[in-house]
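Rule-based calculations on the coordinates, nothing more; no lab input. Note that the structure is a prediction, hence the values are computed from the model and not measured. Every residue, glycine as well, gets a Cβ built from its backbone with ideal geometry; the counts of neighbours run over all protein chains shown.
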Amino acid sequence: MRIVGGTLRGLKLADVGDGDNAAHLRPTTDRVREAIFNLLVNGAQGNPIPGARVLDLFAGTGALGLEALSRGAGHAVFVDDGTSAQALIRSNIARARAGNATASLRRDATRLGDNREAPHGLVFLDPPYGQGLGERAIASALDGGWIAPGAVVVWEERRPPVVAAPLVPFDQRRYGDTVVTLARMPGS
């Protein structure tokens, strides 16, 4: 796995092989990550990345949040409760020399609690497939004030997820066994 664009383009990330099934690590492939960022950068909704506060839920390796930082995001928060994931995130933050622009929270993404910082304008959500965890994580993020008005949510799942109000889906694409859904939070 490598960062596919921006200032860190080509940076090799810590290797997890085919993923860690016990830890539910299933890294987003470089191809799907590149497609996601092409949708964000070139989409009709406007590029949400420059200067964004990024929330990477079920962060795994942290590749999505680091890719956003490489492309101009201002800060990224990585949330994952797995020991393996936390080690990979720390390693990848160090490789990217992004310690000053990141925070890593060892927390269950479905029970985030209240956000004590500024809300996030770009949210990545890549839960273990088919377990309904994405829906619970989004509900938790909304309840805790983690998602800013006008924020874009990028949600990976095996099947099209149930996107709850107030989020409004605006694009959906399939890449192999991954469905990527983009939604926007109403507001500025």
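By count of other Cβ within 10 Å, fewest leading, how are 184, 107 ordered? Working shown, then result.
Values: 184 18, 107 14.
The most exposed by this proxy come first: 107, 184.
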Exercise. Mean separation of Cα pairs under 8 Å and 6+ residues apart, divided by the residue count of the chain: what relative contact order is that in percent?
Worked result: 17
Exercise. Which residues' amide hydrogens lie under 5 Å from the amide hydrogen of residue 124, considering only partners 5 or more residues apart or on another chain, with H built in the peptide plane?
Worked result: 55, 56, 57, 154
For this session: Indicate, rounded to the nearest 5 percent, the antiparallel portion of the DSSP beta bridges found entirely in the chain.
Result: 45
Exercise. So how long is each side of the chain along the principal axes, counting just the alpha-carbon atoms, biggest first, in Å?
Worked result: 37, 37, 33
For this session: Would you be so kind as to identify which of 139, 82, 182 lies farthest towards the positive end of the dipole of the range 21-184, taking Lys and Arg as +1 and Asp and Glu as -1 on Cβ and the Cα centre as origin?
Result: 82
Exercise. For residue 76, what is the net charge nearby, where nearby means another residue's Cβ is under 9 Å from its Cβ and Lys, Arg count +1, Asp, Glu -1?
Worked result: 0
Exercise. HN-Hα J couplings of the range 47-54 from phi, Karplus 6.51/-1.76/1.60, θ = phi - 60°, integer Hz, Gly and Pro as x?
Worked result: 6, x, 7, x, x, 5, 8, 9
For this session: Report the net charge of residues surrounding residue 37, where surrounding means a beta-carbon distance below 12 angstrom and charges are Lys +1, Arg +1, Asp -1, Glu -1.
Result: +1
Seminar exercise, completed: Whole-Hz Karplus couplings 3J(HN,Hα) for the range 149-157, θ = phi - 60° and coefficients 6.51, -1.76, 1.60, Gly and Pro as x, run x, x, 5, 9, 10, 10, 10, 9, 7
Problem set entry | Taking 4, 123, 32 and counting other C-beta atoms within 10 Å, the order from fewest to most | 32, 4, 123
